[in-house]
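Worksheet: the structure to be examined is printed underneath.
The values are calculated or read from the model by the stated rules, or taken from the named source; none is laboratory data. Source: prediction; values computed, not measured. Neighbour counts are summed over all protein chains in view; Cβ atoms, including those assigned to glycine, are modelled from backbone coordinates with ideal geometry.
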């Protein structure tokens with residue numbers, strides 16, 4: 001998979017994921033919206049860890065400084 005996530009993008013994704021997962025586990029957001037926030041947080045963590053985002057790829061966005 002082609003890397004298309006830069007370091008700033010990765011940090012922002014991880015911070016948003018921690019916030020989303022945190023508000024889920026503190027029961028700030030419950031029900032279906034809580035589940036949605038949890039899933040989005042997990043997806044953000046996954047995309048940050050693999051340095052690739054399929055949505056960015058679909059729109060041709062590349063925040064990575066590398067050419068790989």
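Working carefully through the options 66, 7, find the one that is surrounded by fewer than 17 Cβ atoms within 10 Å (Cβ to Cβ), out of contact with any strand residue (DSSP E or B) (no Cβ under 7 Å at 6 or more places or on another chain) and touching a residue at least 60 places away in the same chain (Cβ under 8 Å). Please lay out each step first, then the result.
Details: 7 fails: touching a residue at least 60 places away in the same chain (Cβ under 8 Å).
Of the residues listed, the single one that is surrounded by fewer than 17 Cβ atoms within 10 Å (Cβ to Cβ), out of contact with any strand residue (DSSP E or B) (no Cβ under 7 Å at 6 or more places or on another chain) and touching a residue at least 60 places away in the same chain (Cβ under 8 Å) is 66.
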Of the candidates 12, 23, the one satisfying the condition of being modelled with pLDDT of 95 or more, within 10 Å of the chain's Cα centre (by Cα) and surrounded by 13 or more Cβ atoms within 10 Å (Cβ to Cβ) is 12
Among the listed residues 45, 36, 61, which satisfies the condition of being loosely packed, with under 15 Cβ neighbours inside 10 Å and in contact (Cβ under 8 Å) with a residue 12 or more places away in the chain? 61
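Could you list, in sequence order, all residues of region 1-54 that are assigned to a loop (DSSP other than H, G, I, E, B) and more than 16 Å from residue 65 (Cβ to Cβ)? Give the steps one after another, and end with the answer.
Of all residues in region 1-54, those assigned to a loop (DSSP other than H, G, I, E, B) come to 1-6, 26-30, 51-53.
Within region 1-54, 1, 26, 27, 28, 29, 30 meet the criteria.
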